[in-house]
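Here is the structure we will look at, set down as structure tokens.
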Amino acid sequence: MSRTSPNIIVTGTPGVGKTSHCELLAERTGLKHLSVNDVVKNRECHEGWDEEYQSWIVDEDKLLDAIEDEVKQGGCIIDWHACDLFPKSWIDLVVVLRVDTATLYDRLMARKYPELKLQENIDSEIMEVLLQEAKDSYDEEIVVELQSSTADEMEGNVDRIEQWLEQWKKNNASS
């Protein structure tokens, strides 16, 4: 089945602005914001709660089963800090959001992250872990890295993704 709308992953370290980007993008484009955190919690795609990290332990097989039918139809903006579990055939664009570590630290402190979780996420951003994961998991031409430190950058990023979406629709229109 060919899709009439693309699927986009917006990924990056927690605190880079994924959800804010996805909500604005969904509002502007009509694509569906698929928050993996919400799916994991609401559709019970987890193996319980991790007290140390204050987060759900994701069952990736259950997660993929839970969203497969939706995503295969297209038009989804997948919002999560990981991207390598989603099959290449599902994904048309991977947006990796980046932020400077001082801004990230402030955002994660505001969320009251436990010290271990905070430090691991700062280290992940410094080491470009999620950017590398995206590049290793998908074709290079569909992976884009965007800075997300300010509201202006977010606006510009959403504008850019909207332009990409319009081009995708033209390129994939039925003849």
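The values are calculated or read from the model by the stated rules, or taken from the named source; none is laboratory data. Predicted model, so just to flag it, every value in this text is computed and none were measured. Cβ coordinates were reconstructed from backbone atoms using ideal geometry, including for glycine residues, and neighbour counts include every protein chain displayed. The protein model used for the area step is the full one, side chains on, heavy atoms only, and it has no ligands, DNA or RNA in it. Shrake-Rupley method; radii C 1.70, N 1.55, O 1.52, S 1.80 Å.
For this structure, a couple of remarks:
- Counting only Cβ charges, +1 for Lys and Arg and -1 for Asp and Glu, the dipole size of the chain around its Cα centre is about 640 debye.
- Protein-only accessible surface at a 1.4 angstrom probe places the residues 27, 44, 153, 120 in the order 27, 44, 120, 153, largest first.
- Carbon/sulfur fraction of accessible area - the chain, other protein chains in place, 1.4 Å, %: 45
- Globularity index of the chain, i.e. its alpha-carbon radius of gyration over 2.2 N^0.38 Å: 1.02
- Applying 1/(1 + (r/R0)^6) with r as the Cβ-Cβ distance of residue 73 and residue 173 and R0 = 22 angstrom yields a FRET efficiency of 0.80.
- Full-stretch length increase - residue 85, residue 47 - with 0.36 nm per residue and alpha-carbon distance subtracted: 12.0 nm
- Simple rule: put +1 on each Lys or Arg Cβ and -1 on each Asp or Glu Cβ in region 19-137, find the dipole, and look at 87, 40, 21; the Cα lying farthest toward the positive end is 21.
- Potential lengthening between residue 120 and residue 101 on full extension [0.36 nm per residue; Cα-Cα distance subtracted]: 5.7 nm
- For residue 126, net neighbour charge (Lys/Arg +1, Asp/Glu -1) across residues whose Cβ lies under 12 Å away: -4
- Over the chain: helical MRE at 222 nm, DSSP H runs n ≥ 4 each giving -39500 (n - 2.57), nearest 500: -15000 deg cm²/dmol
- Computed from the C-beta positions of residue 110 and residue 147 and an R0 of 22 Å, the FRET efficiency is 0.65 to the nearest 0.05.
- Amide H within-cut-off set for residue 77, under 5 Å, with H built and near neighbours excluded: 8, 32, 33, 34
- Within a Gaussian network of the chain (alpha carbon springs, distance under 10 Å), most fluctuating of 24, 104, 131: 24
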